[in-house]
Amino acid sequence: MKERHHTEIAELKPHEMEHFLKNHLLGRLSLCFESEPYIVPISYIYREGRIYLHMAKRGKKIEFMQRNKKACFEVDEWGKEGWKSVICYGKISLHDDFETKKKGFEMLSEVAYGSQRITEERIRNMDVYIGVMEIEGMTGRSGKMGKPDLVSREV
């Protein structure tokens, strides 16, 4: 007898996807340039239909984003009651201006650090980009499959 692993899969409604994105801080950014795909875990903030990311000004992510602005962003969770996943599709723009950096770090510190704020002087001196992903489409799913006891193992 075959065991069923996915007993119930449901599509998330738009408000459920937004709530899910607002209540998480870590996702996976997927990029592609020519025929090379690239995915990386990254912290983020979701506000106003956009995903805000911060990143150093050099590295593979930046190289890919400068050559192809299209991106995919995924957030998931898996618990005793089941799993949820949201995938966003859109384009990312990189920002180096003070106002965007200030807005990005204010949102990040509000969620991640509570009342602790990053000073304007420190923001001005940060050698980072704020990436803003304009979401063009979004899908979300959930399932009732419980998390297995063994998620990884040493071989």
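The values are calculated or read from the model by the stated rules, or taken from the named source; none is laboratory data. These numbers were taken from a predicted model, which means no experiment stands behind them. Because the Cβ atoms are built from the backbone with ideal geometry, glycine has one as well, and the counts that use them run over all protein chains shown.
Out of segment 7-40, which residues are in contact with a Ser or Thr (Cβ under 9 Å, 6 or more places away or on another chain) and within 23 Å of Met65 (Cα to Cα)?
Leu25, Leu26, Gly27, Pro37, Tyr38, Ile39, Val40
Based on this model, can you work out whether Asp97 counts as of a type in the set (D, E, K, R), touching a residue at least 12 places away in the same chain (Cβ under 8 Å) and surrounded by fewer than 15 Cβ atoms within 10 Å (Cβ to Cβ)?
No: the conditions fail for Asp97.
Go through segment 112-136 and give me each residue that's part of a strand (DSSP E or B), touching a residue at least 60 places away in the same chain (Cβ under 8 Å), of a type outside the set (Val, Ile, Thr) and farther than 12 Å from Tyr44 by Cα.
Selection gives Tyr129, Glu134.
All but one of (1) within 15 Å of Val132 (Cα to Cα); (2) at pLDDT 95 or above hold for His19; which doesn't?
(1)
Identify the single condition in (1) surrounded by fewer than 17 Cβ atoms within 10 Å (Cβ to Cβ); (2) at pLDDT 95 or above that Val86 does not satisfy, given that it satisfies every other one.
If we test Val86 against (1) surrounded by fewer than 17 Cβ atoms within 10 Å (Cβ to Cβ); (2) at pLDDT 95 or above, just (1) comes out false.
Ile51 - would you say it is touching a strand residue (DSSP E or B) at 6+ places or on another chain (Cβ under 6 Å), modelled with pLDDT of 95 or more, surrounded by fewer than 16 Cβ atoms within 10 Å (Cβ to Cβ) and among the hydrophobic types (A, V, I, L, M, F, W, C)?
No, not satisfied.
Please count how many residues of segment 112-151 are of a type outside the set (A, V, I, L, M, F, W, C), within 21 Å of Gly59 (Cα to Cα), in contact with a strand residue (DSSP E or B) (Cβ under 9 Å, 6 or more places away or on another chain) and modelled with pLDDT under 90.
1
Counting only residues that are at pLDDT 95 or above and in a loop (DSSP other than H, G, I, E, B), how many does segment 92-111 have?
So the count comes out to 0.
Among the residues of segment 76-85, how many are closer than 13 Å to Ser142 by Cβ and either of a type in the set (Lys, Arg) or touching a Leu at 6+ places or on another chain (Cβ under 6 Å) (or both)?
Qualifying residue count for the region: 1.
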